[in-house]
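The values are calculated or read from the model by the stated rules, or taken from the named source; none is laboratory data. Every value quoted in this text rests on a predicted model; they were computed, and no experiment measured them. Glycine also receives a Cβ, built like all others from the backbone with ideal geometry; neighbour counts cover every protein chain displayed. What goes into the accessible areas is simple: the full protein's heavy atoms, side chains included, and nothing from ligands, DNA or RNA. Shrake-Rupley method; radii C 1.70, N 1.55, O 1.52, S 1.80 Å.
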Amino acid sequence: MAANNNRRMSGKKGAQVGSGGQRRKGLEGRGPTPPAEMRKKHKKNRIANAQAKRAQGRPTSRTGGPRGKSTSEMVVGRNPVVEALREGVPATTLYVQQFIDNDERVREALQLAGERGGVHLMEAPRPELDRMTNGLNHQGLVLQVPPYEYAFPEDLAAAAYDAGEDPLIVALDGVTDPRNLGAVVRSVSAFGGHGVVVPERRAAGMTAGAWKTSAGAAARTPVARATNLTRALEQYKKAGIAIVGLAADGEHKVGDLEALEGPVVIVVGSEGKGLSRLVGETCDFRVRIPMPGGTESLNAGVAAGVVLYEAARRRA
């Protein structure tokens, strides 16, 4: 027996080394299995990543249209540049031609840009300014206006309710003159409105001309852009806001419309064509402005001002 025991023990190769806890850790497992969307190389993970990339920079919860920026704009010529700087039009850079004739307008432009602060002064040769302006008569002065940041249509109503007020908004349908847009922005600001909505296409945007006409009101009155104006108006209606369209053959007189006392969107069409068919059908009320003088129509800025005054009078 002793010989057999010695034979069995002779097969050992020395002291047994422990596993350092590795076997015990292996028995503990790796915890619950993560969902498929979080597992790399899984089909659902790839789909989730692709959806996230598409959603970046695009708020999917917004229904009235995307917030976006217009393209940058160049104000060209000595008088236009000086007027833009006087009226507070936003600007990033003032380009001045090398060896320019230093007249009164050039000196004023340089002074206004310097006093404002934040406007870079850049000297450039004439060929470079010609290229930047596509050969326009820049007279040695070019002012770069930054892109305008539009709001969402629903932001305007939300801001009014946050302030404890009924929304008073103007929507423009087919208005293509930036000066009319600027005039409407000015009227909205003057009568306590909460903003202006414009379509994304075939409509005036917040250009330097609109800024100048607003006389500074564009700095405190937001302009929202809607991909589809009819759809944006329908969303306003679902939120309990009355849609009032201005029309020469409207069923109601503007002075008789009690809806102006509550939350309302005033829709103004173009001077020539008025409201488009779909927008007109979306309106809850079609109102007219009595004109004893016989004038057939008013431009968008004047018409909006008349109705905004009546709304402000009723709310006072």
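Keeping every protein chain present and rolling a 1.4 Å probe, give me the accessible area per residue for region 65-141 in Å².
Averaged over the residues of region 65-141, the accessible area is 58 Å².
Just the C-alpha atoms of region 95-207: what Rg/Rh do they give, with Rh taken as the Kirkwood radius? Let's see the in-between values first.
On the way: Rg = 19.3 Å, Rh = 17.3 Å.
Ratio of gyration radius to Kirkwood radius: 1.12.
For region 124-166, what number results from the quotient of the Cα radius of gyration and 2.2 N^0.38 Å?
Its radius of gyration relative to the 2.2 N^0.38 Å reference: 2.20.
In whole Hz, what ³J(HN,Hα) sequence does region 286-293 give by Karplus (6.51, -1.76, 1.60; θ = phi - 60°), x for Gly and Pro?
So the J values, rounded to whole Hz, are 10, 10, 10, 9, x, 10, x, x.
When ligands, DNA and RNA are left out and all protein chains stay put, how many square angstrom of accessible area per residue does region 150-267 have with a 1.4 Å probe? Please report the intermediate quantities before stating the final value.
Values: 4670 Å² over 118 residues.
I get 40 Å² per residue for region 150-267.
What ranking do 208-214, 274-280 get when scored by the average of other Cβ atoms within 10 Å per residue, highest first?
Highest mean packing first, the order is 208-214, 274-280.
Calculate, in nm to one decimal, what residue 128 and residue 291 gain on full extension: separation in residues at 0.36 nm each, minus their alpha carbon distance.
53.4 nm
Quick one: net charge of residue 132's neighbours, Cβ under 15 Å, K/R +1, D/E -1? Present the calculation step by step, with values, prior to reporting the outcome.
Numbers: positive: 126, 131; negative: 73, 123, 128, 130.
Counting the neighbours of residue 132, the net charge comes to -2.
In terms of modelled amide H atoms, which long-range or inter-chain residues lie less than 5 Å from the amide H of residue 226?
Placed amide hydrogens put 198, 200 under 5 Å from residue 226.
If we sort 298-308, 237-247 on the protection proxy, mean other Cβ atoms within 10 Å, highest first, what's the order?
Result, highest mean first: 298-308, 237-247.
Counting only residues 5 or more places away or on other chains, whose amide H sits under 5 Å from the amide H of residue 271 once H atoms are built in the peptide plane?
When sequence neighbours closer than 5 places are left aside, the close amide H contacts are 300.
Share of antiparallel DSSP beta bridges in region 191-316, in percent to the nearest 5?
Beta bridges within region 191-316, antiparallel portion: roughly 5 percent.
Can you run phi through the Karplus equation (6.51, -1.76, 1.60; θ = phi - 60°) for region 271-281 and list ³J(HN,Hα) in whole Hz, with x for Gly and Pro?
Computed from phi, the couplings for region 271-281 are 5, x, 9, x, 6, 5, 4, 5, 5, x, 5 Hz.
Given H placed 1.01 Å from N in the peptide plane, which residues other than close sequence neighbours of residue 262 have an amide H under 5 Å from its amide H?
Here the answer is none, since no amide H 5 or more places off falls under 5 Å of that of residue 262.
Step through the residues of region 195-203 one at a time and calculate ³J(HN,Hα) from phi using the Karplus curve (6.51 cos²θ - 1.76 cosθ + 1.60, θ = phi - 60°), rounding each to whole Hz and writing x for Gly and Pro.
Each residue of region 195-203 in turn: x, 10, 10, 10, x, 6, 10, 6, 8 Hz.
Find the Rg to Rh ratio for region 171-316, where Rh is the Kirkwood radius over alpha-carbon pairs and Rg uses the same atoms.
My calculation of the ratio gives 0.93.
Nothing charged except the Cβ atoms of Lys and Arg (+1) and of Asp and Glu (-1): what's the magnitude of the dipole of region 126-270 about its Cα centre? Round to the nearest 20 debye.
Dipole about the Cα centre, nearest 20: 640 debye.
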